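Here the structure comes first, spelled out in structure tokens, and everything after it is commentary.
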Amino acid sequence: CPVVLAPKNSSVAMPPPADIVKVAIEWPGAFPKLMEIDQKKPLSSIIKEVCDGWSLANHDQFALQHADSSNFYITEKAQNAQQLHERIQSSSMDAKLEALKDLANYSRDITFAQEFINLDGISLLTQMVESGTERYQKLQKIMKPCFGDMLSFTLTAFVELMDHGIVSWDTFSVAFIKKIASYVNKFASDISILQRSLAILESMVLNSHDLYQKVAQEITIGQLIPHLQGTDQEIQTYTIAVINALFLKAPDDKRQEMANILAQKQLRSIILTHVIRAQRAINNEMAHQLYVLQVLTFNLLEDRMMTKMDPQDQAQRDIIFELRRIAFDAESEPNNSSGSIEKRKSMYTRDYKKLGFINHVNPAMDFTQTPPGMLALDNMLYFAKHHQDAYIRVRL
């Protein structure tokens, strides 16, 4: 442990057992003591021995603290952190796997996490992820289950450690991002690896503008969509969470483009079929992510909703003419276009009244109120063009 160590007094003395270390321990207002610490003993017993040396009662209220600038307290978890840091670098695959399994479990504890991170543990994990696939590529065929478990525990430990908010997300390399993004496709059948990879991508996008740009270059909507078509609701939830994160962090001029891609990929239909109408209840997290997706999508309509129609804009007026044409052309009188202008105006006014416009003479004025503004006209035109029979029935 990195506390003050006393120099050896004699070069001919027999070395102490490997588990015994000599440590200089200080107490305010007293001379430091050089003590032999048996690392096999529980930390609480060691602290009791130290307290007894200065006749301090209530030893359970004291702790050892590093004498360097960090001033970190020494805990059992700190010892675990050091040991695990060494164990996960073992050359034995079995030992490494067992160590990574323990690390994934211990990393939930913030005290352990702090100590492991202080040992540059995050960098060690990212290096393992970046080089792991190549390093064990030859072993994958004969040790595929072992490799998958190792990667799963590594990613789990990484997620747990980062969730404590101790390390900034801005520190990760492009190589690490590429590797995580590749797992979304490469390990699609491994639920644990896929889930953790999606969780990491979501956090990267939400917590760093630079990482958003890098992730957006590595992962596409087309790569995410297939994960919504499976049966695992947790994977579906994380997939929508990644889509939401990319949507949320996208520049304003890119959001509409992304919405168009989602429409082309039939995202709404996929969600209806595989999530909402699936034979299982929607959990709270999925419901939240769907709500967020709806909000982000509806927000794209706000500008159009607050835009007034320009009654002098001929292109916008032509849309209104198109609404009338679709609704009434089937029953229009032959050669009605050859009638007088006054007759046509009278017929148009009648038709606009039947269509429900308030201003029968100049229906463009109906779209100068915001909201709904031009959004109302957009919806009416879409309805008329894509559901023409229903549109005519409504008019009738």
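Side notes on the structure shown:
- Sites ASP329 and ILE276 - FRET efficiency at Förster radius 35 Å, r taken between beta-carbons, to 0.05: 0.40
- Per residue accessible area of the range 159-247, 1.4 Å probe, in Å²: 37 Å²
- Potential lengthening between ALA67 and GLU218 on full extension [0.36 nm per residue; Cα-Cα distance subtracted]: 49.8 nm
- Heavy-atom accessible surface of GLU285, to the nearest 10 Å², is about 90 Å², with a 1.4 Å probe and all protein chains retained.
- Portion, in percent, of the accessible area of the chain that falls on carbon or sulfur, probe 1.4 Å: 52 percent
- FRET E, pair ASP170, PHE321, Förster distance 56 Å, beta-carbon r, rounded to 0.05: 0.55
- For the chain: relative contact order, % (alpha-carbon pairs under 8 angstrom, 6 or more apart): 8 percent
- Cα gyration tensor shape of the range 314-395, rounded if a/c is under 1.5, else prolate or oblate by comparing a/b with b/c: oblate
- In the assembled protein chains, SER152 presents an accessible area of approximately 10 Å² (probe radius 1.4 Å).
- Helical segments meeting 15 Å axial Cα length and Kyte-Doolittle -0.5 threshold in the chain (DSSP H): 43-53, 93-106, 121-135, 140-162, 174-186, 191-207, 233-249, 284-299, 314-328, 374-386
- Ranked by the mean number of other Cβ atoms within 10 Å of their residues, highest first, the peptides 251-262, 370-381, 351-362 fall in the order 370-381, 351-362, 251-262.
- Net charge dipole size for the range 20-74 [Lys, Arg +1 and Asp, Glu -1 on Cβ; Debye, nearest 20]: 100 debye
- The residues of the range 314-395 present an accessible area of 64 Å² per residue when probed at 1.4 Å with all protein chains retained.
- Spin-label pair ILE20/ASP303, simplified geometry with 7 Å Cα→Cβ offset, distance in nm: 7.7 nm
- A 1.4 Å probe run over the range 20-74, with the rest of the protein chains in place, finds 67 Å² accessible per residue.
- Taking label points 7 Å from Cα along the Cα-to-Cβ direction, ARG268 and ASP252 give a separation of 2.5 nm.
- Using the average count of surrounding beta-carbon atoms within 10 Å as a protection proxy, the listed peptides 184-190, 198-204, 53-59 rank, highest first, as 198-204, 184-190, 53-59.
The values are calculated or read from the model by the stated rules, or taken from the named source; none is laboratory data. Just so it is clear, the model here is predicted, and its values are computed rather than measured. When we count neighbours, we look across all protein chains shown, and the Cβ atoms used for this are built from the backbone with ideal geometry, even at glycine. Quick note on the areas: whole protein, heavy atoms, side chains included, nothing else; ligands and nucleic acids left out. Shrake-Rupley method; radii C 1.70, N 1.55, O 1.52, S 1.80 Å.
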